[in-house]
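Trainee: My questions will all concern the structure given below.
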Amino acid sequence: MTEVRFFHNAPDKLSAACRLAAAAYRHGRKVTVFAPEAGLAARFDALLWTFQPLAFVPHVLASSALASQTPVVIDPQLAEPINLEVLINLGDEAPPEFERFSQVIEIVTSDPSDRAPARARWAFYRDRGLDPSANDLSARERA
């Protein structure tokens, strides 16, 4: 069964996604980042290169010939995902066929326009018999 984890109170969704992808990579997990909106995959790709000046997270777009060999794959469609371990959703809706993944990570900012779709995704997962967990990123920032 897919584990669903919500990380809320993120100051910035893409920066939080970078930190979570990097942490998963450091733990040897393969990650797919679902970036369905136009330009989002390119913005996330660029940020992943620069968010930690002294660290590197190997990543490519799903269209790359190296996607099957790369730990973090940025995918705008999820038509045929390569990494089925961790899915980081950057979209406003639940990702298609999310249950193929072992874990789904949802990131939510404190912006009301982001919180409303997140609540709908939470209900979506609950309606499918899953029990999402809530993780407060602001508590981590203070620690």
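Trainee: Yes or no: region 89-104 includes at least one residue that is under 12 Å from Val33 (Cα atoms) and without any contact (Cβ under 8 Å) to a residue 60 or more places away in the chain.
Mentor: Scanning region 89-104 turns up at least one residue that is under 12 Å from Val33 (Cα atoms) and without any contact (Cβ under 8 Å) to a residue 60 or more places away in the chain.
Trainee: Oh, and also: Please specify each residue of region 1-24 satisfying the condition of being in a helix (DSSP H, G or I), farther than 21 Å from Glu99 by Cα and either of a type in the set (Gly, Ala, Ser) or touching a Pro at 6+ places or on another chain (Cβ under 6 Å) (or both). If you could, list the steps in order and put the result at the bottom.
Mentor: From region 1-24, those in a helix (DSSP H, G or I) are 13-24; that's our starting set.
Narrowing the set further to residues that are farther than 21 Å from Glu99 by Cα leaves 13-16, 18-19, 22-23.
Within region 1-24, Ser15, Ala16, Ala22, Ala23 qualify.
Trainee: Please work out if Thr70 is of a type in the set (S, T, N, Q) and under 14 Å from the mean Cα position of the chain (by Cα).
Mentor: Working: of a type in the set (S, T, N, Q): yes; under 14 Å from the mean Cα position of the chain (by Cα): no.
No; evaluated as a whole, the condition is false for this residue.
Trainee: Return the residue satisfying two criteria in turn: it lies in region 31-43 and is crowded, with 18+ Cβ neighbours inside 10 Å and of a type outside the set (Gly, Ala, Ser), and of such residues it is nearest to Glu93 (Cα to Cα). Before the answer, list the steps.
Mentor: Of the residues in region 31-43, the ones crowded, with 18+ Cβ neighbours inside 10 Å are 31-35, 40-41.
Okay, now just the ones that are also of a type outside the set (Gly, Ala, Ser), so 31-34, 40.
On the way: Val31: 19, Thr32: 16, Val33: 14, Phe34: 11, Leu40: 15 Å.
Filtering first and then ranking leaves Phe34.
Trainee: Taking the residues in region 89-107 that are under 11 Å from the mean Cα position of the chain (by Cα) and surrounded by fewer than 22 Cβ atoms within 10 Å (Cβ to Cβ) as candidates, determine which candidate is farthest from Ala120 (Cα to Cα).
Mentor: Kept after step one, since they are under 11 Å from the mean Cα position of the chain (by Cα), are these residues of region 89-107: 89-91, 95, 103-107.
After this cut, where a residue has to be surrounded by fewer than 22 Cβ atoms within 10 Å (Cβ to Cβ) as well, the list is 91, 103.
Working: Gly91: 12, Gln103: 18 Å.
Only one residue tops the list, namely Gln103.
Trainee: Are any residues in region 18-69 in contact (Cβ under 8 Å) with a residue 40 or more places away in the chain and of a type in the set (Phe, Trp, Tyr), and if so, which ones?
Mentor: Just the residues of region 18-69 that are in contact (Cβ under 8 Å) with a residue 40 or more places away in the chain, to begin with: 20-21, 24-25, 29-37, 40, 44.
Answer for region 18-69, where residues must be in contact (Cβ under 8 Å) with a residue 40 or more places away in the chain and of a type in the set (Phe, Trp, Tyr): Tyr25, Phe34, Phe44.
Trainee: For Ser113, only one of the following conditions fails: (1) among the hydroxyl-bearing types (Ser, Thr, Tyr); (2) under 16 Å from Ala16 (Cβ atoms); (3) over 17 Å from the mean Cα position of the chain (by Cα). What is its number?
Mentor: (2)
Trainee: Next question, about the same structure. Examine region 69-80 for a residue that is modelled with pLDDT of 95 or more, closer than 21 Å to Tyr125 by Cβ and either surrounded by 14 or more Cβ atoms within 10 Å (Cβ to Cβ) or in contact with a Ser or Thr (Cβ under 6 Å, 6 or more places away or on another chain) (or both), and state whether such a residue exists.
Mentor: Yes, region 69-80 contains at least one residue that is modelled with pLDDT of 95 or more, closer than 21 Å to Tyr125 by Cβ and either surrounded by 14 or more Cβ atoms within 10 Å (Cβ to Cβ) or in contact with a Ser or Thr (Cβ under 6 Å, 6 or more places away or on another chain) (or both).
The values are calculated or read from the model by the stated rules, or taken from the named source; none is laboratory data. Quantities reported herein were computed from a predicted structural model and do not represent experimental measurements. Because the Cβ atoms are built from the backbone with ideal geometry, glycine has one as well, and the counts that use them run over all protein chains shown.
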